[in-house]
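Enquirer: Have a look at this one before I ask anything.
FYI, it's all coordinate maths here, none of it is from the lab. Every value quoted in this text rests on a predicted model; they were computed, and no experiment measured them. Because the Cβ atoms are built from the backbone with ideal geometry, glycine has one as well, and the counts that use them run over all protein chains shown.
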Amino acid sequence: MNMRLLLIFLGIVSVLIANQNLAFPKDYKEGVLYTSVIRGGVIEDIYAPKEAILALKEGKNLPDQTIITMEEYANDAGVRARLNRYIIMQKQGKEWKFQAFKADKSLNSAENTTRCLNCHKSISGEDIVFSLEAMKSYKGE
């Protein structure tokens, strides 16, 4: 095979891999609802795998492939109203990938999750999770 064609092929494959969408984590509720946050007009319920919380409690970083799932509800005077959407973030090595889903769990490709990543990058360290302290201090199971 021509070296130029091989390099073009590898470049295309790497772009496709980088742009692959994350799948909706159907089993996320088997994890832990470790915090709920009211942010203006929304209430966010945030879930993480038990193994991730245990790793933090042991002083480790979040494990590779950890998926954090946020359910976002409309805030009706402090009460959860309709489910607006889901946002997931997955740790891939030392990087994080974000994906948005509609309330029906279908992919929301119109959502610009680059802004999620850019905001989370304001946190220093490997685990760019705003609710990391809530995970570390979770008292449940």
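Enquirer: Under a Cβ-Cβ cut-off of 14 Å, what is the net charge of the residues other than Glu58 that fall near it, where Lys and Arg count +1 and Asp and Glu count -1?
Expert: Numbers: positive: Lys50, Lys57, Lys60, Lys136; negative: Glu51, Asp127.
Value of the local net charge: +2.
Enquirer: Rank-order 118-125, 42-49 by packing density, defined as the average count of other C-beta atoms within 10 Å over each peptide's residues, highest first. Working shown, then result.
Expert: Details: 118-125: 10.5, 42-49: 20.2.
Descending mean neighbour count gives 42-49, 118-125.
Enquirer: Counting other C-beta atoms within 10 Å, which of Thr114, Thr69, Thr35 has the fewest, and how do the rest follow?
Expert: So the ranking, lowest neighbour count to highest, is Thr114, Thr35, Thr69.
Enquirer: When the gyration tensor of the chain is built from Cα positions, what are the square roots of 5 times its three eigenvalues, in whole Å, from largest to smallest?
Expert: That gives 30, 20, 13 Å for the three semi-axes.
Enquirer: While we're looking at this one, here's another question. Expected output is a single nm value to one decimal: the length gained when fully extending between Ala134 and Arg80, i.e. 0.36 nm times separation in residues minus the C-alpha distance. What is it? Can you show the working numbers first?
Expert: Details: separation 54, 0.36 × 54 = 19.44 nm, distance 2.02 nm.
That pair, Ala134 and Arg80, stretches by 17.4 nm at full extension.
Enquirer: Charges only on Cβ, +1 for Lys and Arg, -1 for Asp and Glu: so what's the dipole of the chain about the Cα centre, in debye to the nearest 20?
Expert: On the way: 19 positive and 17 negative charges, 53 e Å.
Charge dipole, the chain, about its Cα centre: 260 debye, nearest 20.
Enquirer: Could you calculate the contour length gain from Gln92 to Glu51, that is, 0.36 nm times the residue separation minus the distance between their Cα atoms, to one decimal place in nm?
Expert: Taking 0.36 nm per residue and subtracting the Cα distance, the gain is 13.2 nm.
Enquirer: Right, something else. How far is it, in nm, from the label point at Lys26 to the one at Lys121 when both lie 7 Å from their Cα along the line to the Cβ?
Expert: Label-label distance for Lys26 and Lys121, simple model: 3.4 nm.
Enquirer: Per DSSP H run of n ≥ 4, the term is -39500 (n - 2.57); total these for the chain, divide by its residue number, and report the mean residue ellipticity at 222 nm rounded to 500 deg cm²/dmol.
Expert: On the way: 4 runs with 36 residues, N = 141.
After summing the helix terms and dividing by the residues of the chain, the value is -7000 deg cm²/dmol.
Enquirer: Using amide H atoms built in the peptide plane, which far-off residues or other-chain residues are under 5 Å from Phe130 H to H?
Expert: none
Enquirer: Positive end of the dipole of region 29-141, charges at C-beta (+1 Lys, Arg; -1 Asp, Glu), about the Cα centre: which of Val129, Gln65, Tyr47 has its Cα farthest in that direction?
Expert: Val129
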